[in-house]
Ligand SMILES: [Zn+2]
């Protein structure tokens, strides 16, 4: 029923984009729509239309998609051009229900800026496989799909060290902890950088 295979074609990219929008448009992110005037964000369940916050102030403002298809696809294709970039998808039939992607990074001061993690290069050095983004669409969460995606990615990538940036206590945080991930830097109260040594 569930199949995980390496990223290969643009049809799969469209599936990844849809999974991205459905995942991040729901809990706990709720990045479905954004108001171009007040900046409030709403989950996908809002289904577009006028901004409720602005309507309360007597204004009619049409919501924009928070993650427009073209932007997500373009960002994804750019990520896939990075060194040793890899992407895995979990599918149910023809539907992409989850994905993970990443690429090789070298920790230096530039990377501190890129990951918005000041001081990281003073704590660790060398090259890492960076788990950039992962998602499982709401209806398929809590079935171990995320853990399988991470496990397979750790197996197919070729670095000795893996790095992830996530929220303390998130599902990704717990999965990385299951693979002996350690928090090496706390960026903000709840955002952390974790590493796994293989
Ligand atoms: Zn508004």
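Filter region 37-56 for residues that are more than 8 Å from the ligand (Cβ to nearest atom) and assigned to a loop (DSSP other than H, G, I, E, B); which is farthest from residue 141 (Cα to Cα)?
49
Which of (1) in contact with a helix residue (DSSP H, G or I) (Cβ under 7 Å, 6 or more places away or on another chain); (2) at pLDDT 95 or above does residue 39 not meet, given it meets every other one?
Unmet condition: (1).
Give region 95-148 a look and list any residue that's under 23 Å from residue 81 (Cβ atoms), out of contact with any helix residue (DSSP H, G or I) (no Cβ under 7 Å at 6 or more places or on another chain) and assigned to a loop (DSSP other than H, G, I, E, B), or say none.
115, 116, 117
Go through (1) surrounded by fewer than 16 Cβ atoms within 10 Å (Cβ to Cβ); (2) more than 16 Å from the ligand (Cβ to nearest atom) for residue 90 and report which single condition fails.
Here residue 90 clears every test but (1).
The values are calculated or read from the model by the stated rules, or taken from the named source; none is laboratory data. All values reported here derive from a predicted model rather than from experimental measurement. As a convention, Cβ positions derive from the backbone with ideal geometry for all residues, glycine included, and neighbour counts pool all protein chains shown.
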